[in-house]
Amino acid sequence: MKGSMTAQNSFLLDALHVFVGVAVTVLAVFAFLSPEEHPLFFSLIFGLAGLLALANGLVRLSALGRAHRKKGTAFAIVFLGLLLLILCAISAVVML
């Protein structure tokens, strides 16, 4: 039962990577072609990267179970995701 849950998490994480990758690419093209017209796209790029890092960290944490040695890496990824979301909020406030 747990194996199917891991496969489902893996598929959802892969789908999220593809979606975020395409979205960040499109946002980056528009943000760098005309930054005066699309200043909030930079914030969205930070936000999407933060959400992706959070998802990666949470999936790692759930997959590790009781393996305490590798949880530090997963917590570091979650921390970096939260840091990126904070940068997203700060850049959105600055851009307004």
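Computed from label points 7 Å out along Cα-Cβ, the spacing between Met95 and Leu16 is 2.2 nm. For the options Leu52, Leu33, Leu16, a Gaussian network treatment of the chain with springs between C-alpha atoms closer than 10 Å singles out Leu33 as fluctuating the most.
Express the relative contact order of the range 1-62 as a whole percentage, based on alpha carbon pairs under 8 Å and six or more residues apart in sequence. Walk me through the numbers on the way to the answer.
Working: 23 pairs, mean separation 21.9, N = 62.
Relative contact order of the range 1-62: 35 percent.
Among Gly81, Gly57, Gly21, the residue with the largest mean-square fluctuation in a Gaussian network model of the chain, with springs joining Cα atoms closer than 10 Å, is Gly21.
Comparing mean-square fluctuations of Val78, Val26, Val59 from a GNM of the chain with C-alpha springs under 10 Å, the top value falls on Val26.
Once the Cα atoms are used to define both axes, helix 71-95 deviates from the longest principal axis of the chain by about 20 degrees.
With Cα atoms defining each centre, the range 9-25 and the range 71-96 are spaced 18 Å apart in the structure.
The numbers here are math on the coordinates, done by the rules we state, and not lab data. Worth saying up front: this structure is predicted, and the values here are computed from it rather than measured. Glycine also receives a Cβ, built like all others from the backbone with ideal geometry; neighbour counts cover every protein chain displayed.
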